[in-house]
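The values are calculated or read from the model by the stated rules, or taken from the named source; none is laboratory data. Here the structure is a predicted model, which is why all the values come from computation and not from measurement. Note that each Cβ is placed from the backbone with ideal geometry, even for glycine, and that neighbours are counted across all protein chains shown.
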Ligand code: AMP
Ligand code: GLY
């Protein structure tokens, strides 16, 4: 079977790497892909949001299964369009993808169905939103309703910061129509974890727990990024907490979506805040996390094609996931300046040497091929991912490999996985 993966990040490289291992796969295509993906798949120069172009390509090429990486094509309805064209595709439809695409939709659903989350109010008028701040104690969290490439959430320590966030979203329109409405939300303290599961709309098949590192600098300092590293499992998700999350978050959400007439199929990713052994939902994503996909797919032993097809056909109840018990760690290497402005086109050296470290895979994100060399082409550039018997050994291997890679201005966090080590 021919497979098409849509997207161009580290998550999509990990998806291509995993799907290629399936005995059922003859050829993998990726649109648009990156320099690392091009080593294992045929890259197709179509944007991830070119829904019509992608469907036409899938038809012409006889693609048997398409896996969507990022959220933007999902919220634009790529799955609905592929299905109308008779193409097999993995991911939620447009209305189901609102769980990520609209924070107002998500918060209202959680409230209606009693799923634990932060208290909140919604505003479509700037002045009313600002006036509401007088009734709150700081910090608060201000969120643009729609997709904002991970930048539409501001944790405000003071009323002035919250007002500036509201103005940025609603007055300056930093995120366009995503800022038509804001959610103002109670600040939740605790430790974050990512909880991802396959679902066919009825059965929820969880992947192991994982944890992202959102801030740019060590010890969670500095502005948020798309994610500077991840590991799995996350010990903060104890077996008891796992049960609570399944019973109080994942299953009720999938049932709620079905009850609302938007049955949810695909990956359901809950971003959780955990405090005193209880979890509340910070956000839902309608896709694999990036960088969580890299360490998670490295631990998944089951053929991903089997799981994805079972989800599409509504028979996930027949699948058991085989998971490698060994922990995995992914360290993201980013361009200097990221998440602010950064330069591109820097020549990267040492990737092959890094991959010689036992148990290490280097997943590419923002890379491109230029004159036979691999150069930087984005903010997050590489996800150096390692598997080993213990978390400490996986961390050591990942950093040994990171140490072999360099380019002008490269930056990475030195503390990926330390939170988990402190819990051991
Ligand atoms: P979101 O996209 O909603 O997950 O928000 C991005 C990040 O903002 C989260 O990963 C948290 O670090 C932070 N955040 C979001 N909502 C809250 C909240 N209610 N309390 C504390 N931190 C939050
Ligand atoms: N790692 C965070 C995300 O994928 O949204």
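Here's the yes/no breakdown for (1) in contact with a helix residue (DSSP H, G or I) (Cβ under 8 Å, 6 or more places away or on another chain); (2) surrounded by fewer than 20 Cβ atoms within 10 Å (Cβ to Cβ); (3) closer than 18 Å to residue 33 by Cβ:
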| site | (1), (2), (3) |
| --- | --- |
| 332 | yes, no, no |
| 342 | no, yes, no |
| 349 | no, yes, no |
| 361 | yes, no, yes |
| 364 | yes, no, yes |
| 372 | no, yes, yes |
| 376 | no, no, yes |
| 381 | no, no, yes |
| 395 | yes, no, no |
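Step by step: first the residues of the range 181-197, then only those that are surrounded by 21 or more Cβ atoms within 10 Å (Cβ to Cβ) and within 16 Å of ligand 2 (Cβ to nearest atom), then the one that is farthest from residue 262 (Cα to Cα). Which residue is that?
Residues of the range 181-197 that are surrounded by 21 or more Cβ atoms within 10 Å (Cβ to Cβ), as a first pass: 182-185, 193-197.
Right, trim to within 16 Å of ligand 2 (Cβ to nearest atom) and you get 193-197.
Working: 193: 26, 194: 23, 195: 21, 196: 19, 197: 17 Å.
By that ranking, first place goes to 193.
Looking only at the range 285-303, which residues are surrounded by fewer than 24 Cβ atoms within 10 Å (Cβ to Cβ) and touching a helix residue (DSSP H, G or I) at 6+ places or on another chain (Cβ under 6 Å)?
285, the sole residue that qualifies.
Go through (1) farther than 26 Å from residue 189 by Cα; (2) touching a helix residue (DSSP H, G or I) at 6+ places or on another chain (Cβ under 9 Å) for residue 83 and report which single condition fails.
Of the numbered conditions (1) farther than 26 Å from residue 189 by Cα; (2) touching a helix residue (DSSP H, G or I) at 6+ places or on another chain (Cβ under 9 Å), the odd one out for residue 83 is (2).
Please name all residue pairs, on different chains or six or more residues apart, with Cβ atoms under 8 Å, provided the first residue is in the range 219-247 and is closer than 14 Å to residue 423 by Cβ and the second residue is in a helix (DSSP H, G or I) and within 14 Å of ligand 1 (Cβ to nearest atom).
That search, which allows pairs on different chains as well, returns 236/419.
What residue, among those in the range 122-144 that are in contact with a strand residue (DSSP E or B) (Cβ under 6 Å, 6 or more places away or on another chain) and over 16 Å from residue 158 (Cβ atoms), is nearest to ligand 2 (Cβ to nearest atom)?
Out of the qualifying residues, it is 143.
Can you pull out the helices (runs of 4 or more DSSP H) entirely within the range 10-121 that have at least 3 residues that are over 19 Å from residue 287 (Cα atoms) and at pLDDT 95 or above? Spell out the reasoning first.
Details: elements: 10-19, 51-61, 71-75, 78-84, 98-101, 103-112.
Fully inside the range 10-121 and qualifying: 51-61, 103-112.
For the range 323-424, which strands (runs of 3 or more DSSP E) that fit wholly inside it have 3 or more residues that are in contact (Cβ under 8 Å) with a residue 60 or more places away in the chain and closer than 22 Å to residue 40 by Cα? Spell out the reasoning first.
Numbers: elements: 328-334, 360-364, 367-370, 373-376, 380-387.
Passing ranges, in order: 328-334, 360-364, 367-370, 380-387.
Could you grab me the full set of residues in the range 186-203 that are part of a loop (DSSP other than H, G, I, E, B) and in contact with a helix residue (DSSP H, G or I) (Cβ under 8 Å, 6 or more places away or on another chain)?
Looking only at the range 186-203, we keep the residues that are part of a loop (DSSP other than H, G, I, E, B), and these are 187-190, 200-203.
Residues satisfying the conditions are 200, 201, 202, 203.
So which residues in the range 13-36 are without any contact (Cβ under 8 Å) to a residue 60 or more places away in the chain, farther than 16 Å from residue 306 by Cα and surrounded by 24 or more Cβ atoms within 10 Å (Cβ to Cβ), if there are any at all?
Matches in the range 13-36: 30, 31, 33.
Can you pull out the residues in the range 142-165 that are in a loop (DSSP other than H, G, I, E, B) and within 13 Å of ligand 1 (Cβ to nearest atom)?
To start, the set of residues in the range 142-165 that are in a loop (DSSP other than H, G, I, E, B) comprises 145-152, 157-158.
Passing the criteria: 145, 146, 147, 148, 149, 150, 151, 152, 157.
Table: residues versus (1) surrounded by 14 or more Cβ atoms within 10 Å (Cβ to Cβ); (2) within 21 Å of residue 190 (Cβ to Cβ); (3) within 13 Å of ligand 1 (Cβ to nearest atom).
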| position | (1), (2), (3) |
| --- | --- |
| 95 | yes, no, no |
| 106 | yes, yes, yes |
| 111 | no, yes, no |
| 117 | yes, yes, yes |
| 122 | yes, no, no |
| 129 | yes, no, no |
| 137 | no, yes, no |
| 140 | yes, yes, yes |
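Kindly provide the set of residues from the range 269-290 that are more than 11 Å from ligand 1 (Cβ to nearest atom) and closer than 20 Å to residue 74 by Cα, ordered by number.
So the first thing to find is which residues in the range 269-290 are more than 11 Å from ligand 1 (Cβ to nearest atom), and the list is 274, 276-279, 286-288, 290.
Answer for the range 269-290, where residues must be more than 11 Å from ligand 1 (Cβ to nearest atom) and closer than 20 Å to residue 74 by Cα: 286, 287, 288, 290.
Filter the range 223-255 for residues that are within 16 Å of ligand 2 (Cβ to nearest atom) and surrounded by fewer than 19 Cβ atoms within 10 Å (Cβ to Cβ); which is farthest from residue 107 (Cα to Cα)?
Looking at residues that are within 16 Å of ligand 2 (Cβ to nearest atom) and surrounded by fewer than 19 Cβ atoms within 10 Å (Cβ to Cβ), I get 223.
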